[in-house]
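For reference, the structure is listed below as structure tokens.
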Amino acid sequence: MRTVSLVPFEPEHLLAVQPWFDDPETRRRLGGREWPTRELAVRGTRWTEEFRGRRVLRSCAFVALDDDGVLVAQVGGDVYDRWTTWDPVAERVLETDGRRTMGAAYVVAPSRRGQGVGAATLRALVADPGTADVEQFVLGIEPDNTASLRAAAAAGFTPRTAEPDAEDMVYLHLRR
């Protein structure tokens, strides 16, 4: 089983990570080069408003290093006081799960895809001391993103929803 180590995502990592967002598949799924820049910008933000019925407690951002210390992935997201199922059409909460939850996203360096890096990065996120208080991890993945769905399953994530929501996402989760 492949392993990686996580370190906090710092400005000096940006030059290595940003070119991954020139890849058409990465751009389609996550957006362009502004995505990792935004991840750095929200670090340390004191959130005061709810987002889709949940309160953001903090944001986390990491890069994953292989055994040689090479950056191979980036992972991060927001830790919420609870998880909610949101109806974007009616703009209301449909369901609430009271567990402290991290909604996470990740990107694997295009040259390292298909090598188990995604699953290893997700396992490292769950095991990281910085997420020790998180009771549930949730990933929103487009249903046609079979590589990401496989990586999540290999890391122990299971379906939370079977059908795509109004934003064409299926949700997988891992509960501690």
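Data table
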read-out	value
Pairs with Cβ under 8 Å, 6+ apart, first in region 46-73 and over 20 Å from G130 (Cα atoms) and free of Cβ contacts under 8 Å to residues at least 24 places away in the same chain, second open to solvent by less than 50 Å² (accessible area, probe 1.4 Å) and of a type in the set (S, T, Y)	none
Close pairs (7 angstrom Cβ cut-off, 6 or more residues apart or separate chains): more than 15 Å from A104 (Cβ to Cβ) in region 148-167, open to solvent by 60 Å² or more (accessible area, probe 1.4 Å) anywhere	A166/V89
Meets criteria (among the basic types (K, R), touching a Ser or Thr at 6+ places or on another chain (Cβ under 9 Å) and over 18 Å from E39 (Cα atoms)) for R123	yes
Residues of region 120-140 satisfying the condition of being open to solvent by 10 Å² or more (accessible area, probe 1.4 Å) and under 11 Å from Y106 (Cα atoms)	G140
Residues within region 75-119 that are surrounded by fewer than 17 Cβ atoms within 10 Å (Cβ to Cβ), out of contact with any strand residue (DSSP E or B) (no Cβ under 9 Å at 6 or more places or on another chain) and part of a helix (DSSP H, G or I), tallied	1
Of all residues in region 40-57 being modelled with pLDDT of 85 or more and at positive phi, the one that is surrounded by the most Cβ atoms within 10 Å (Cβ to Cβ)	G53
Test: residue in region 16-39 that is over 27 Å from D144 (Cβ atoms), crowded, with 16+ Cβ neighbours inside 10 Å and either among the polar types (S, T, N, Q) or in contact (Cβ under 8 Å) with a residue 12 or more places away in the chain (or both)	no
Residue list for region 74-109, filter: in contact (Cβ under 8 Å) with a residue 60 or more places away in the chain, within 22 Å of D168 (Cβ to Cβ) and of a type in the set (D, E, K, R)	D87
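Results for (1) in a helix (DSSP H, G or I); (2) out of contact with any strand residue (DSSP E or B) (no Cβ under 7 Å at 6 or more places or on another chain); (3) at pLDDT 95 or above; (4) more than 30 Å from V89 (Cβ to Cβ), shown as yes or no for each residue.
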| residue | (1), (2), (3), (4) |
| --- | --- |
| A124 | yes, no, yes, yes |
| D133 | no, yes, yes, yes |
| V138 | no, no, yes, no |
| G156 | no, no, yes, yes |
| D165 | no, yes, no, no |
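The values are calculated or read from the model by the stated rules, or taken from the named source; none is laboratory data. Since we're looking at a predicted model, the values are computed, not measured. No Cβ is skipped: glycine too gets one built from the backbone with ideal geometry, and neighbour counts run over all protein chains shown. For the accessible areas, the whole protein counts, side chains as well, though only heavy atoms, and no ligand, DNA or RNA atoms are used. Shrake-Rupley method; radii C 1.70, N 1.55, O 1.52, S 1.80 Å.
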